[in-house]
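Please read the structure below before turning to the comments.
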Amino acid sequence: MPSLIHGITSLITNSISTTKSLSKGILRKVAIIGAVFVLAACGGEDGEDKIKIGVAIPNFDDTFLVNMKDSMDKYAKEMGNVDLIFVDAKEDTVKQLGQIQNFIVQQVDGIILVPVNTDATQPMTDSIQKAGIELVYLNRRPSYLPDGVSYVGSDELRFGEEQAKYAASKVEGGNIGIIMGMMTVEAAILRTQGVEDFFKDKPEFNITRKQTGLWQRSQGMIVMENWINSGEQIDIILSNNDDMALGAIQALRAAGKLDDTIVVGVDATPDGIMAIQDGALDATVFQDGVGQARGALDAAMNAINKKPQEKITWIPAELVTKDNLAEFQAKS
């Protein structure tokens, strides 16, 4: 590449010395064009044949989503022939739609999309398919999933059921508070439904509180503080994710109520696992973010390379407690 730059520079210099009739403006344009060719040549040598996939994430502040993003990035580097472009919608549906339009303009080969709102995906899906770009939804299953579009995730009802089963195995009854994720997301709706379905014929258990914590630890703490301040006895906290559960634990510990309350999360994030080790979090339900991330990238590559691909790929869930923690960590 240095020899190419030197050659172009020499050509321009010779032109200046031998062609007196050329104006400075024209020479400047020749130099600019030469530089453009050099840059184009440099870019062409580095990854021009790589597959480009846009990855739209709702929130880079979400612990689970960031872990999943990092896992996907690592897997892409192992593959070697794919470049990932990550964007953060900051939980804004309109912003995410704009990011998808940018991916279309960039003519990426595929898009992996974790939607902000699972009920508002049709415009994005239609635009992506119209552009002839392969689409894989990840983690949050959209209500609109037409032919040619695949989904990789877990059975969200199962997470709530596993939480409820664990709580019921530990106490004979009590009041339950459910800290929910964003209610525009199917995961929050179905995880909550899984808990409600399990307890609906068990009168010794009463779901007395339900409130969204927006998937965030700080909001989970605020929700729990409000419930504590209400004076109502709550014996079991079932949170739609680990971050909100950890926020609830902070509030319960500050109020001196943690030892008397069962707290269960979802995801088995590193912080959640540490809290189980410390005895603060009673249990979590493992959502295999690594498996989902790798599965979504595999699905996208299969679609781009015109290989067979399942429309829906389910990644199993697993209850994690202090009793099976060592086994889980060894397996992970």
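What percentages, rounded to whole numbers, describe P(r) for region 240-332 computed over all alpha carbon pairs with 5 Å bin width beginning at zero?
P(r) for region 240-332, in whole percents per bin: 3, 13, 21, 17, 13, 10, 9, 6, 4, 2, 1, 0.
Put +1 on the Cβ of each Lys and Arg and -1 on the Cβ of each Asp and Glu in the chain; which of Ala268, Ala317, Val66 then has its Cα farthest toward the positive end of the dipole?
Val66
Rolling a 1.4 angstrom probe over the protein heavy atoms, how many square angstrom per residue are accessible across the chain?
Details: 15980 Å² over 332 residues.
Here the residues of the chain average 48 Å² of exposed surface.
Which whole-angstrom value gives the distance between the alpha carbon centres of region 158-172 and region 266-332?
If we compute the Cα centre of each part, the gap is 19 Å.
In what order, largest first, do Ser230, Ser169 sit by accessible area if the probe radius is 1.4 Å?
Highest to lowest solvent-accessible surface, that is Ser169, Ser230.
Pairs of alpha-carbon atoms within less than 8 angstrom and 6+ residues apart define the contacts here; what relative contact order does the chain have, in percent?
Values: 587 pairs, mean separation 52.2, N = 332.
Answer for the chain is 16 percent.
Accessible area of Arg158, 1.4 Å probe, to the nearest 10 Å²?
100
In a shell of Cβ-Cβ distance under 14 Å around Glu232, excluding Glu232 itself, what net charge do Lys and Arg (+1) and Asp and Glu (-1) give?
Working: positive: Arg209, Lys210, Lys257; negative: Glu225, Asp235, Asp260.
Overall, the nearby charge balance is 0.
To make sure I understand the rule: partners must be lysines, Cα under 22 Å from the Cα of Lys307, and not fewer than 8 residues away in the same chain. Which ones qualify?
Lys50, Lys52, Lys77, Lys130
Could you compute Rg(Cα) / (2.2 N^0.38 Å) for region 175-284, with N its residue count?
Working: Rg = 12.7 Å, N = 110, 2.2 N^0.38 = 13.1 Å.
Dividing the Cα radius of gyration by 2.2 N^0.38 Å gives 0.96.
Using a 1.4 Å probe on the protein heavy atoms only, what accessible surface does Asp119 show? Give it in Å² to the nearest 10.
Accessible area, nearest 10 Å²: 110 Å².
Non-local amide H neighbours of Asp267 (under 5 Å, H modeled in plane, Pro and chain starts lacking H): which ones?
Val285, Phe286, Gln287
Treating the beta-carbon of each Lys and Arg as +1 and of each Asp and Glu as -1, no other charges, what is the dipole magnitude of the chain about its Cα centre, to the nearest 20 debye?
Working: 31 positive and 45 negative charges, 349 e Å.
Computed about the Cα centre, the dipole is about 1680 debye.
Sort Leu145, Leu325 from largest to smallest accessible area, using a 1.4 Å probe on the heavy atoms of the protein chains. Mind showing how you got there, number by number?
Values: Leu145 35, Leu325 10 Å².
The ordering from most to least exposed comes out as Leu145, Leu325.
Exceeding 21 Å between C-alpha atoms, which entries from my cross-link table qualify? They are Lys165/Lys331; Lys170/Lys322; Lys69/Lys90; Lys202/Lys322. Before the final figure, lay out each step's value.
Numbers: Lys165/Lys331 23 Å; Lys170/Lys322 13 Å; Lys69/Lys90 15 Å; Lys202/Lys322 26 Å.
Over 21 Å Cα-Cα: Lys165/Lys331; Lys202/Lys322.
Remind me, what semi-axes does the chain give for its equivalent ellipsoid, largest first in whole Å, using sqrt of 5 times each Cα gyration tensor eigenvalue? Write down the numbers at each step before the final one.
Working: eigenvalues 534, 84, 66 Å².
Computed over the chain, the values are 52, 20, 18 Å.
Using a 1.4 angstrom probe on heavy atoms only, work out the carbon and sulfur share of the accessible area of region 176-332 in %. Kindly include the intermediate steps, with their values, before the conclusion.
Details: 3410 of 6900 Å².
Exposed carbon and sulfur together represent 49 percent of the surface.
Ignoring ligands, DNA and RNA, please state the percent of accessible area on region 76-150 from carbon and sulfur, probe 1.4 Å. Let's see the in-between values first.
Working: 1550 of 3330 Å².
Summing carbon and sulfur atoms, their accessible area is 47 percent of the total for region 76-150.
Just from the alpha-carbon atoms, what are the Rg and Dmax of region 167-213 in angstroms?
In order Rg, Dmax, the Cα atoms of region 167-213 give 11.1, 33 Å.
Just the accessible area for Lys322, please: 1.4 Å probe, Å², rounded to the nearest 10?
Number for this one is 120 Å².
The values are calculated or read from the model by the stated rules, or taken from the named source; none is laboratory data. Predicted model only: the values in this text are computed from it and were never measured. With ideal geometry, Cβ positions are generated from the backbone for all residues, glycine too; neighbour counts draw on all protein chains shown. Surface accessibility is based on the protein's heavy atoms, side chains included, excluding ligands, DNA and RNA. Shrake-Rupley method; radii C 1.70, N 1.55, O 1.52, S 1.80 Å.
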